[in-house]
Every structure is written in C-alpha cells, then in structure tokens.
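The values are calculated or read from the model by the stated rules, or taken from the named source; none is laboratory data. Since this is a predicted model, take the numbers as computed values, not measurements. Neighbour counts run over all protein chains shown; Cβ positions are idealised from the backbone, glycine included. The area values use the complete protein model at the heavy-atom level, side chains included, leaving out ligands, DNA and RNA. Shrake-Rupley method; radii C 1.70, N 1.55, O 1.52, S 1.80 Å.
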Amino acid sequence: MTMRDPYSERQTTFVTPEQVRLQLRTAGLGSRAIAHLIDALLLLAASALVVFGTAGSIYLLSSSWFPNDGYDYLFAGMFLLLIVMNVGYFIVMEAYRGGQTFGKKAMGLRVLQASGQSATILPVVIRNLFRLLDFLPMGYFAGSTAIFFSRADKRFGDMVAGTIVVAEATAEQRKRRARIDKRIARLQAKGLLLPDLAGELGEPERALLDERDWQLLSGWAERLDPKPPVGAQGLEQRIWLHFTEKLGHSRAAYPDSRPYLAALYLAVREDWEL
C-alpha cells in the first residue's frame with residue numbers, strides 16, 4: 001500500500017462562473033504548516049508587544065508591576081485586544097489582501113473560493129472561526145488529519161466555508177514561462193503568424209485536454225527552437241497531428257504545426273497555470 005506524502009501538492013480542476021476551466025495545485029500539509037508557523041511567529045511577536053506595553057503602562061501608572069487593584073480594565077482591554085488581533089489578522093489579510101497572509105505569501109499560497117474566484121469576507125470569516133475545530137484536541141490535529149485525507153487538501157474550515165488553498169506558480173515556473181514568451185515573440189518578429197484559436201476552444205474542447213496533454217504541449221514549448229533539427233521537426237508534426245485530431249480542428253485550416261501549437265499553448269496556459 002502506497003502512503004500519500006503529506007508534503008506533496010495535488011491538482012484540482014474546476015470551472016469558474018465565466019466558464020473558464022482552471023487546473024490548480026492545492027497546497028499540501030507541509031507548505032500550509034510552514035505558512036502558519038510564519039504567521040504564528042508574527043502574531044507571537046505582536047502579542048508580546050501588547051503584553052509588555054500593557055505591563056509597562058501599569059508600572060508607569062502605579063509604580064508597581066503587580067498593583068493590588070484599580071487596573072482590571074487594562075488587563076481586560078489587553079486580553080480583548082489579543083483575541084481581536086489573533087483572530088482578525090487572518091480574516092483581514094485573507095479577505096482584503098488577495099487571500100494571502102504574510103505566511104501564505106512567503107510560501108506562495110492563496111485562499112480562493114471553490115469557484116476559483118477571490119475569497120470574500122463571509123467565507124473567510126467562516127473558515128477562520130472553524131480554526132477552533134481544526135485545532136482540536138491540540139496542535140491543529142483535527143485540521144491536519146482532514147487535510148491529509150481530503151482529495152483537495154481541505155481542513156474542516158475550508159469544507160464548511162467552500163474555500164480552497166492553492167499554490168501559486170514558483171519563481172522557476174515564472175522564469176520558464178517568461179522564457180517561452182520571449183521565444184514565441186522572437187519567432188513572431190521573424191514573421192510567424194499565430195492563428196486565432198479563441199473561437200475554436202470553447203469549454204467542451206478545453207475539457208478534452210488532460211494533464212498529459214498539457215505536459216506534452218508545455219514540454220514542446222520549453223524546447224521551442226527557431227531552427228529545430230529534422231528529428232525535432234518530425235516530433236513537432238506528430239504533436240500537431242495529436243492535438244488537431246483530439247480537438248477536431250481542421251488541418252487544412254491550420255496547416256503549419258508551429259504557429260498552431262504556439263497559439264494553442266498560449267490559449268490554454270491559463271487553464272493549467274495560476
């Protein structure tokens with residue numbers, strides 16, 4: 001029996017209200033744990049400032065670190081501020097900063113609604129209130145267990161709120177994407193005319209493409225060469241035959257393999273990369 005790596009990330013596919021098909025990597029337990037640790041350390045530092053600031057204020061007012069009475073309101077205010085700060089931090093950051101706390105931003109993670117849209121205030125509030133359940137019995141044991149067994153890496157708060165935490169493209173992926181864009185732009189500057197495939201790629205056609213098709217297409221784009229050797233040209237033709245047949249595109253309308261594949265790569269890239 002093969003056990004799942006708890007630090008791995010998995011793919012999830014969903015269709016937005018605009019009928020755009022997205023293939024995203026869900027954030028695994030490991031990356032989410034590190035992101036939460038970063039946030040916890042930041043909140044611990046902020047909480048320490050509040051505690052020491054309150055203690056300092058009491059000492060200045062009473063000339064004692066432990067006054068007998070008269071300062072209960074300061075202690076009550078301190079505890080209220082700590083609660084609001086530790087709960088409100090996640091709600092405010094995720095609702096108004098694109099679904100990212102500082103920890104999630106550092107780890108390249110983002111909270112989205114299950115539709116693929118940015119998380120709004122209500123689901124963010126719900127998912128964070130359910131942190132109390134995820135924390136049980138201690139140390140986020142319940143939430144971690146839910147993520148481990150969930151097909152979309154969801155803790156209980158995500159399940160109830162209808163949210164999902166996804167991993168954004170890494171720095172290396174962004175560099176690779178920029179390299180491919182530059183290669184296609186250079187070919188266009190040399191006269192390569194890309195066909196407009198927008199009208200040929202509706203939701204039914206996009207749904208025909210699976211992860212292996214995307215790996216084949218993106219692999220071709222990564223190896224795009226202005227003057228490919230004969231063997232590479234033959235491989236390019238076979239890839240062109242594969243996609244025109246699978247998508248039902250007329251080969252007479254798209255007789256040149258290279259501009260067709262480049263246009264197809266650009267047209268479906270957003271479906272597979274965040």
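At what distance in angstrom do the alpha carbon centres of segment 138-186 and segment 194-251 lie from each other?
Here the two parts' Cα centres lie 26 Å apart.
Report the extension gain between L132 and A198 in nm, rounded to one decimal, defined as 0.36 nm multiplied by the number of residues separating them, less their alpha carbon distance.
Gain in length upon complete extension: 19.1 nm.
Using a 1.4 Å probe, how large is the accessible area of R258, given in Å² and rounded to the nearest 10?
30
Over all directions, the average projected area of the alpha-carbon convex hull for segment 47-136 comes to how many nm²?
About 7.9 nm², averaged over all directions.
Provide Y260, Y96 ordered by accessible surface of protein heavy atoms (probe 1.4 Å), highest first.
On the way: Y260 0, Y96 160 Å².
Solvent-accessible surface, decreasing: Y96, Y260.
If you add up the charges near S118, with Lys and Arg at +1 and Asp and Glu at -1, over every other residue whose beta carbon is less than 12 angstrom from its beta carbon, what do you get?
Within the 12 Å Cβ shell, the charges total +1.
Note the full-extension length gain between R186 and V51 as 0.36 nm times their separation in residues minus their Cα-Cα distance, in nm to one decimal.
Gain in length upon complete extension: 42.7 nm.
Any of K104/K175; K105/K246; K104/K246 with alpha carbons more than 31 Å apart? Name them for me.
K105/K246; K104/K246
To the nearest 0.05, how large is the calculated FRET efficiency for E211 and R97 if R₀ is 45 Å and r is the Cβ-Cβ distance?
In this case the efficiency is close to 0.90.
Leaving out ligands and nucleic acids, note down the accessible area per residue over segment 103-170 with a 1.4 angstrom probe, in whole Å².
Accessible area per residue, segment 103-170: 47 Å².
Sort E245, E205 by heavy-atom solvent-accessible area, probe 1.4 angstrom, most to least. Write down the numbers at each step before the final one.
On the way: E245 135, E205 55 Å².
Ranking E245, E205 by accessible area, largest first, yields E245, E205.
Taking only the alpha-carbon atoms of segment 115-163, what semi-axes of the equivalent ellipsoid follow from 5 times the gyration tensor eigenvalues under a square root, in whole Å, largest first?
The equivalent ellipsoid of segment 115-163 has semi-axes of 19, 13, 6 Å.
Considering the Cα trace of segment 174-272, what is its radius of gyration and what is Dmax, both in angstroms?
Gyration radius and largest Cα-Cα distance of segment 174-272: 12.8, 35 Å.
For K190, what accessible surface area do you get with a 1.4 Å probe? Give it in Å², rounded to 10.
Solvent-accessible area, nearest 10 Å²: 150 Å².
Show me the ranking of peptides 42-48, 236-242 by mean Cβ neighbours inside 10 Å, starting with the highest.
Highest to lowest by the protection proxy: 236-242, 42-48.
What figure, in Å² to the nearest 10, do you get for the accessible area of D213 with a 1.4 Å probe and non-protein molecules left out?
10
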